[in-house]
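The values are calculated or read from the model by the stated rules, or taken from the named source; none is laboratory data. Just so it is clear, the structure is predicted and the values come from calculations on it, not from any experiment. Neighbour counts are summed over all protein chains in view; Cβ atoms, including those assigned to glycine, are modelled from backbone coordinates with ideal geometry.
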Amino acid sequence: MTVIFSGVQPSGDSPTLGNYLGAFKQFTKFQEDNDCIFCVVDQHAITVKQDPKQLKERVRRLAALYLAVGIDPDKSTLFIQSEVPAHAQAAWMLQCVVSVGELERMTQFKDKSDGKARVNAALLTYPPLMVADILLYHTNIVPVGDDQKQHIELTRDLAERFNKQYKKVFTIPDISIPKQGARIMSLQEPTRKMSKSDDNKKATIFLTDTPAQITKKIKSAMTDSSGIISYDKEEKPGVSNLLTIYSAITGQEIAEIVAMYDGKGYGDFKTDLAKIVVDELAPVQERLEELLVSTELDDILDQGAEKANAIASKTLLAMEKAMGLGRR
Ligand code: ATP
Ligand code: MG
C-alpha cells in the first residue's frame, strides 16, 4: 500500500487557513486507500523559542485538529514526533550525509533567519530532521504546501545518497501539492506566504478565529485601487490570493468566479468570501472543542505513538547497521 506521511508544527496560535488548504484538506482524501501517517512535529517547533506550557497546549490542540478535519484513527496513524525517539536519532545520522552548503541554501532557513542577530543552530539543521520524519516510514508520497518543495527535493537527494553510500535502506518519496491552495498568501502582504508564526495577526486567518474575526480580516485584506476582480498574481496579488482561497474552498474554477463577479466591487466579493470561509471552518471548530474535552484524544495518541515507534525503530536499526553503529 502507498505510504503517505505529513507533519504540521505546533507553532503559532493555531494552524492557518494556508495550512488547512495547503495540507489538512488533502489529508482526508488520502486516508481512504493509503497507509497514512500524520505527525505533530513538536521538535521542529522548538527551532524558534516557544513557551513550554503553551507549547504543550498547542501540541494537544493540533492533534485534536487533525481529527477535527476528518482524520480517522482507525484508518490513519496520528502521533507526536517527540514521542518517537527514532526521529531525532535518525536526524543526527542524516546530518552526517548533508553539507552545510546544502542547508544554507534552503529558502526557509534564509526567510526565518533573515535580519535576526542570533539564530539557533537547529534552524539550519531542521531539514535533516524533516528528512528523517519522512524516510523512517518508507514514505511514498508527502502531501504538503508549495513552500516545502525544496525540503522534499533535499529528502530525495539524501535518501539517494544514503542508499548509494551505505545500503539501500530508504524509499524515495514524491511530493503532492494541491491544484488550488498550495500557497495561500498573507492578507496584509500578499507577496509573502501566510504563516502561523507571522507577528501581524491581521495577516493570517487562524482556524480558531471566530466568524467576526474572519470577516474582519477578509474585509480589511489588502487589495488594490483598480476595483476590478481579476486574477493577476504580479499586478494584483491581494485579489488573486482571495480568488485562490475562494476557488480552493468551493472547488470552482477561478475564471468562473471572476465571471460571477463581473461588474461587482471588492465589497460584495469580500462579504461572500468571508461567509464561505466561516461556513467551511464552523464544523471543524465545533468538533475541535468537543475533542479537546474528551478522553479519546490521549488514547488515540498513545496508540499512534506505539504504531509509529514500531515502524520507525526498525528503520533506525537498518540505518545503524548500514552505517556501522553499535554492536547489533
Ligand atoms: P511556521 O511559520 O511556524 O513555519 P507554517 O504556517 O509555515 O508555520 P508549517 O507547520 O511549517 O506551517 O507547515 C504545515 C503544512 O502547511 C506544510 O505542509 C506546509 O507546506 C503547509 N503550508 C504552510 N503555509 C502554507 C500556505 N501559506 N499555503 C499553503 N500551504 C501552507
Ligand atoms: Mg513553515
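Which condition number does F79 fail, the rest of (1) closer than 17 Å to Y126 by Cα; (2) more than 10 Å from ligand 1 (Cβ to nearest atom); (3) assigned to a strand (DSSP E or B) being met? That leaves (1) as the condition not met. All but one of (1) farther than 30 Å from R60 by Cβ; (2) in a helix (DSSP H, G or I) hold for D262; which doesn't? Condition (2) is where D262 drops out.
Across the range 282-304, the qualifying residues are those that are in a helix (DSSP H, G or I) and polar (S, T, N, Q), and the one among them that is surrounded by the most Cβ atoms within 10 Å (Cβ to Cβ) is Q285. Here is the figure for the range 141-181: residues that are crowded, with 22+ Cβ neighbours inside 10 Å and over 21 Å from L129 (Cβ atoms) total 1. When the test is whether a residue is closer than 19 Å to D146 by Cα and loosely packed, with under 15 Cβ neighbours inside 10 Å, D279 does not pass it.
When the range 92-110 is filtered for residues that are of a type in the set (A, V, I, L, M), surrounded by 11 or more Cβ atoms within 10 Å (Cβ to Cβ) and not in a loop (DSSP other than H, G, I, E, B), the ones remaining, listed by number, are M93, L94, L103. All conditions but one from (1) buried (at least 22 other Cβ atoms within 10 Å of the Cβ); (2) within 19 Å of the chain's Cα centre (by Cα); (3) in a helix (DSSP H, G or I) apply to E57; the one that does not is (1). Taking each residue of the range 193-210 that is assigned to a loop (DSSP other than H, G, I, E, B) and looking for partners that are of a type in the set (K, R) and within 16 Å of ligand 2 (Cβ to nearest atom) with beta-carbon atoms closer than 9 Å, six or more apart or interchain, yields M194/R183; S197/K112; D198/R192; T204/K196. Would you be able to say whether some residue in the range 10-30 is within 22 Å of D302 (Cβ to Cβ) and not aliphatic (A, V, I, L, M)? Yes, the conditions are met somewhere in the range 10-30.
Selection of first residues in the range 136-158 that are basic (K, R) and of second residues that are away from ligand 1 (no atom under 13 Å from the Cβ), restricted to Cβ pairs under 6 Å at least 6 apart or on distinct chains, gives the following pairs, ordered by first then second residue: R156/I172.
Remark: pairs (first residue in the range 269-291, of a type in the set (G, A, S); second residue assigned to a helix (DSSP H, G or I) and buried (at least 17 other Cβ atoms within 10 Å of the Cβ); Cβ separation under 7 Å; 6+ apart in sequence or on different chains) = A274/I214; A274/T215; A274/I218.
Taking into account only those residues within the range 285-320 that are among the β-branched types (V, I, T) and modelled with pLDDT of 95 or more, which is nearest to D74 (Cα to Cα)? The qualifying residue nearest to D74 (Cα to Cα) is I300.
Among the residues of the range 33-54, those that are outside any helix (DSSP H, G or I) and not acidic (D, E) comprise N34, C36, I37, F38, C39, V40, V41, I46, T47, V48, K49, Q50. For the range 187-206, a residue qualifies if it is within 15 Å of ligand 2 (Cβ to nearest atom) and under 17 Å from I249 (Cα atoms), and the qualifying residues are M194, T204, F206.
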